[in-house]
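Everything below concerns the one structure shown next.
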Amino acid sequence: MAAPICVARIGAAHGVRGAVKLWTFTEDPFAVQAYGPLMTKDGARQFEVATAREAKGHLVVTLKGVATREDAERLNGLELYVAREKLPDTDEDEYYHADLVGLAAVNAANEPIGRVIAIHNFGAGDIIEIEPPYGATLLLPFTNAVVPTVDLKAGHVVIELPREVEGEDHS
């Protein structure tokens, strides 16, 4: 069975009746309601979205069984997952972050650069994090120019390192 996929993170309590802010990682934020129960990564706890409304950059949701602000506050920071098979198939040139983590990173000559350890988004687009065999990790823009090829079947991504990373001088 494939590892579960993180689809949301619970934020701070909202109001006094147990509502929480919910940051979703799905194309359609309201899709979290269609997946059935959302679970913690270890599967020990499950939550069902009872109501959801859009707010600025997130949803405000109520979860079944969470009725007080105190209950909601205890959930702050909790990541919520669903089974991979509940998610829709991806289009061509579209990937779930979980599919990329662990792939080998190679250059155009198929020489190893490292391994993909994370995909981040700090608000200005996706960033791919590569862990080389030694030294600091590389944070690179996840664009077609820097990552021209993702080959899930071969188990690697091709990275075109920007000249600054390769150590070339621009002067």
* So which pairs qualify, if the first residue must be in region 11-30 and surrounded by 14 or more Cβ atoms within 10 Å (Cβ to Cβ), the second must be among the hydroxyl-bearing types (Ser, Thr, Tyr), the Cβ gap must be under 7 Å, and the two must be at least 6 apart or on different chains? -> Gly18/Thr62; Gly18/Thr68; Ala19/Thr62
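Results for (1) closer than 18 Å to Ile119 by Cβ; (2) touching a Lys or Arg at 6+ places or on another chain (Cβ under 7 Å); (3) in contact (Cβ under 8 Å) with a residue 12 or more places away in the chain; (4) not basic (Lys, Arg), shown as yes or no for each residue.
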position	(1), (2), (3), (4)
Val7	yes, no, yes, yes
Arg69	no, no, yes, no
Arg74	no, no, no, no
Glu79	yes, yes, yes, yes
Ala83	no, no, yes, yes
Pro88	no, no, no, yes
* Structure fact -> Within region 31-43, of all residues that are open to solvent by less than 80 Å² (accessible area, probe 1.4 Å) and out of contact with any helix residue (DSSP H, G or I) (no Cβ under 9 Å at 6 or more places or on another chain), the one modelled with the lowest pLDDT is Gly43
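What tally of residues in region 63-99 results from selecting those that are open to solvent by 30 Å² or more (accessible area, probe 1.4 Å) and either closer than 14 Å to Gly11 by Cβ or among the aromatic types (Phe, Trp, Tyr) (or both)? Quick ask: steps written out before the conclusion?
Keep residues of region 63-99 that are open to solvent by 30 Å² or more (accessible area, probe 1.4 Å), which gives 64-65, 67-71, 73-74, 76-79, 84-86, 88-99.
Pick out the ones that are also either closer than 14 Å to Gly11 by Cβ or among the aromatic types (Phe, Trp, Tyr) (or both) and you get 69, 73-74, 76-79, 95-96.
Selection size over region 63-99: 9.
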* Within region 69-78, is even one residue of a type outside the set (A, V, I, L, M) and either over 24 Å from Gln33 (Cα atoms) or in contact with a helix residue (DSSP H, G or I) (Cβ under 9 Å, 6 or more places away or on another chain) (or both)? -> no
* **Unmet criterion (only one of (1) free of Cβ contacts under 8 Å to residues at least 24 places away in the same chain; (2) open to solvent by less than 60 Å² (accessible area, probe 1.4 Å); (3) out of contact with any His (no Cβ under 8 Å at 6 or more places or on another chain)) for Ile127** => (3)
* To do: Identify all residues within region 30-63 that are part of a loop (DSSP other than H, G, I, E, B), out of contact with any strand residue (DSSP E or B) (no Cβ under 6 Å at 6 or more places or on another chain) and not basic (Lys, Arg); write none if there are none.
  => Ala34, Gly36, Thr40, Asp42, Gly43, Ala44, Glu48, Gly57
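So for region 53-66 (the condition being on the phi < 0 side of the Ramachandran plot and in contact with a helix residue (DSSP H, G or I) (Cβ under 6 Å, 6 or more places away or on another chain)), does at least one residue qualify? Explain how you work it out, then say what you get.
As a first pass, look at region 53-66 and keep what is on the phi < 0 side of the Ramachandran plot: 53-56, 58-64, 66.
From what is left, the residues that are in contact with a helix residue (DSSP H, G or I) (Cβ under 6 Å, 6 or more places away or on another chain) are 59, 66.
Yes, some residue in region 53-66 is on the phi < 0 side of the Ramachandran plot and in contact with a helix residue (DSSP H, G or I) (Cβ under 6 Å, 6 or more places away or on another chain).
The values are calculated or read from the model by the stated rules, or taken from the named source; none is laboratory data. Small disclaimer: the values here were computed from a predicted structure and weren't measured. Glycine also receives a Cβ, built like all others from the backbone with ideal geometry; neighbour counts cover every protein chain displayed. For accessibility, only protein heavy atoms count, side chains too; no ligands or nucleic acids. Shrake-Rupley method; radii C 1.70, N 1.55, O 1.52, S 1.80 Å.
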